[in-house]
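The values are calculated or read from the model by the stated rules, or taken from the named source; none is laboratory data. As the structure is a prediction and not an experimental result, all values here were calculated from the model. Neighbour counts run over all protein chains shown; Cβ positions are idealised from the backbone, glycine included.
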Protein chains: 2
Amino acid sequence: MTVVSRRAAVTIKDVAREAGVGLMTVSRVINGVPGRKFSEETAQRVRAAIKQLGYEPNHVARSLRGQRSGVIGLVTTNVADPFWASCARGVEMEARKQNYVPILVATDEDCLLEERQVAALQAHRVDGLLLVSTYRSKRTTLTSRLAGIPTVAMDRPITGFKTDCVLIQNDEATYNATRHLISHGHRKIAFVGYGERLYTVHQRIEGYARAMNEAGLAPLVCAGASDPSGARALAYDVLTQSAPPTAIFGSNSLTLHGVMEVAQSLGLRIPDDLALAGFEDFRWAQFVKPGLTVVRQPGEEMGRRAAQMLFERLAGKKGPPQRVVLESELVIRESCGCGAPAALTAAIA
Amino acid sequence: MTVVSRRAAVTIKDVAREAGVGLMTVSRVINGVPGRKFSEETAQRVRAAIKQLGYEPNHVARSLRGQRSGVIGLVTTNVADPFWASCARGVEMEARKQNYVPILVATDEDCLLEERQVAALQAHRVDGLLLVSTYRSKRTTLTSRLAGIPTVAMDRPITGFKTDCVLIQNDEATYNATRHLISHGHRKIAFVGYGERLYTVHQRIEGYARAMNEAGLAPLVCAGASDPSGARALAYDVLTQSAPPTAIFGSNSLTLHGVMEVAQSLGLRIPDDLALAGFEDFRWAQFVKPGLTVVRQPGEEMGRRAAQMLFERLAGKKGPPQRVVLESELVIRESCGCGAPAALTAAIA
DNA sequence: TTGTACGCGTTATCAA
DNA sequence: TTGATAACGCGTACAA
């Protein structure tokens, strides 16, 4: 692949020539050193030249020189998912404040791809990493790579690697949602979701199972899907067995959607024949009929907080890895069996 | 801001020493020049050393040396919007195929911010730009900056700058949707949307007005919102006037959502009291009641195609700017007044 | 207060 | 087939 011709970029040299000063004077004016080692008059000339030539400092050269690159890596599983999209938005806004830009890559929940992407980010000399890490089913060099770069884990801790992380309450939220379904009189409640090796799924199953056990009910976990059709298959199997559950907790938005599709195709009315609750609120959830009872996760805030923590580390903050857990919220609508469609929300402490 | 210590990276020099060869031999082995200018035996030694040391080529240095940086800029208005998120996803997937990574920045529909972001991308020496450009209400240096970087416009052309672009059919889709509403007997149909200076909004208004005029009806355009609350205000005004419209076309997802909220608060039944159609399909649209009749835009494909066009240019493709227009599709559900909730879709030629 | 020389990691060029 | 050298744009260390 050859590169097309590019307009010769204007460098610090051009500015120096234009302003009739040395290179370093220009550099100093640009970087505004603490000690003000130049006269205001020359500074004026330099600034004029910069403007005139439309000079823009070359981050690449700065970066090579050993300074910060001004780039961070943002590794999610798939930005098309609204939750990761809002997370990316939070990161982007925070990065902008700090004059940083994020490189966006995806792992598709594949630990090998995750490793490759982290390696690529490393090759681009990012100053830090924001990482949504996937369960590692194979040996990878991930943790040794991570040792070289300030990293903040988002949504899930990184297996075998202690670092700053921003998580969201999973168990407690699922516990409360399950209890809520139980309070509606359901005794057979299934948990449908992705593979339980995923940290968040595991946590959610824990909360679900705790609520079930406390109520003396037998947990019914259907985990192992990895895409929409898998979730549908799981839902179909559990809903067509001899004594199907009267309620289902959907571990994520895609799963919940799949359950709805299957329920509809089976002619099940919600919440009368099948009550539903699950994960992830979204803009239109109020207009879905029946309104969905879901756990709302602060995705944007997670991105923002993670970015903030990373920038603090980049600014030199010392200390042991920190763990921040953001609260989630159970938004009660109608799919659980509640009559009132009003904004009856219960905050989870 | 100081940078925390970073593990000293292993360079090509280390590899050369380890393998007992010169720098250039290593470089040649890595880059596998066409003419195979090295013996297989030395190549083996070099590859072994690379593996042993865990060497990873430094993109930053490559970039400085004048080669491609391996980075492209991806400028959208806001990734939290599902449409831009799917677009970003398309770009990301295509970039991955080409061993490129995208830097993600947002403009928030602000032309000044757009300029700043493009400048930042320039400073990072991106090889190319994928840009969702906003209407320029103020003088900016955008076009002169763009002259230096291969650029593909997405969703909207760039004012005053001819370049490759990937657009989506707006007028035709809106024309068809409006005609569909008219076919249901509506005579007073309002168009509610964002500012008409936005290219896409302008196009949609054209299609809407054409359908109205052809039917001998008077267009009723309520444009000028710039956020959800603005859209709600617009919807409220038009729905509470003396002779309110019996149907509304919502120019984007947020607007359509706002109209639904207002309609609900006014106790309007859809589609009986108010028929609705609008832009942007989404995963849950089938479960919204009534099902939403919307134009489905191929966001991911747009991102993918734009990225492909950019990489073709980066590979040296010559020729005048190309314009690709992707087809959109009217997904007919129930909000327009159609009874059948089935997947009755009409492709737009 | 200002300027010069060097090095960051890589590749193009040229010589061996 | 290989290696030495210069250059990319910038900032640090030092000299003027």
The listed residue being assigned to a loop (DSSP other than H, G, I, E, B) and within 14 Å of chain A (Cβ to nearest Cβ), out of B:R313, B:R269: B:R269
Some residue of region A:130-138 being in a strand (DSSP E or B) and either more than 9 Å from chain B (Cβ to nearest Cβ) or under 30 Å from A:I332 (Cα atoms) (or both): yes
Hits in region B:94-105 (condition: away from DNA strand C (no atom under 16 Å from the Cβ), in contact (Cβ under 8 Å) with a residue 24 or more places away in the chain and either within 8 Å of chain A (Cβ to nearest Cβ) or over 14 Å from the mean Cα position of the chain (by Cα) (or both)): B:A95, B:Q98, B:V101, B:P102, B:I103, B:L104, B:V105
Candidate set from region B:222-244 (those that are under 21 Å from B:Q297 (Cβ atoms) and of a type in the set (A, V, I, L, M, F, W, C)); member that is surrounded by the most Cβ atoms within 10 Å (Cβ to Cβ): B:A231
So A:R116, is it in a helix (DSSP H, G or I) and facing another protein chain (nearest Cβ under 8 Å): no
Region B:284-297, residues that are within 13 Å of another protein chain (Cβ to nearest Cβ) and of a type outside the set (A, V, I, L, M): B:W284, B:Q286, B:F287, B:K289, B:P290, B:G291
Region A:121-154 - residue that is touching a strand residue (DSSP E or B) at 6+ places or on another chain (Cβ under 7 Å) and of a type outside the set (A, V, I, L, M) and, of those, farthest from A:R65 (Cα to Cα): A:S133
Whichever residue in region B:81-93 is of a type outside the set (G, A, S) and at the interface with another protein chain (Cβ under 7 Å from one of its Cβ atoms) and, among such residues, is surrounded by the most Cβ atoms within 10 Å (Cβ to Cβ): B:E92
Boolean, A:G70 is within 16 Å of DNA strand C (Cβ to nearest atom), under 26 Å from B:T77 (Cβ atoms) and surrounded by fewer than 23 Cβ atoms within 10 Å (Cβ to Cβ): yes
Among residues of region A:40-59, those that are away from every other protein chain (no Cβ under 14 Å) and within 13 Å of DNA strand D (Cβ to nearest atom), counted: 2
Qualifying residue in region B:245-262 (condition: over 23 Å from the mean Cα position of the chain (by Cα), within 14 Å of chain A (Cβ to nearest Cβ), in a loop (DSSP other than H, G, I, E, B) and surrounded by 16 or more Cβ atoms within 10 Å (Cβ to Cβ)): no
Breaking point among (1) surrounded by fewer than 19 Cβ atoms within 10 Å (Cβ to Cβ); (2) under 22 Å from the mean Cα position of the chain (by Cα); (3) closer than 27 Å to B:P271 by Cβ, for A:D281: (1)
Residue ID - surrounded by the fewest Cβ atoms within 10 Å (Cβ to Cβ), chosen from residues in region B:30-49 that are modelled with pLDDT of 90 or more and either under 41 Å from the mean Cα position of the chain (by Cα) or within 13 Å of DNA strand C (Cβ to nearest atom) (or both): B:R47
Residues of region A:105-122 that turn out to be surrounded by fewer than 22 Cβ atoms within 10 Å (Cβ to Cβ) and over 21 Å from B:V105 (Cβ atoms), as a count: 11
Looking only at region B:188-228, and only at residues there that are charged (D, E, K, R) and in contact with a Gly (Cβ under 9 Å, 6 or more places away or on another chain), the one that is modelled with the lowest pLDDT: B:E196
Single unsatisfied condition, B:N78 versus (1) within 12 Å of chain A (Cβ to nearest Cβ); (2) surrounded by fewer than 21 Cβ atoms within 10 Å (Cβ to Cβ); (3) away from DNA strand C (no atom under 16 Å from the Cβ); (4) in a helix (DSSP H, G or I): (4)
Test result for A:S69, out of contact with any strand residue (DSSP E or B) (no Cβ under 9 Å at 6 or more places or on another chain), outside any helix (DSSP H, G or I) and of a type in the set (S, T, Y): yes
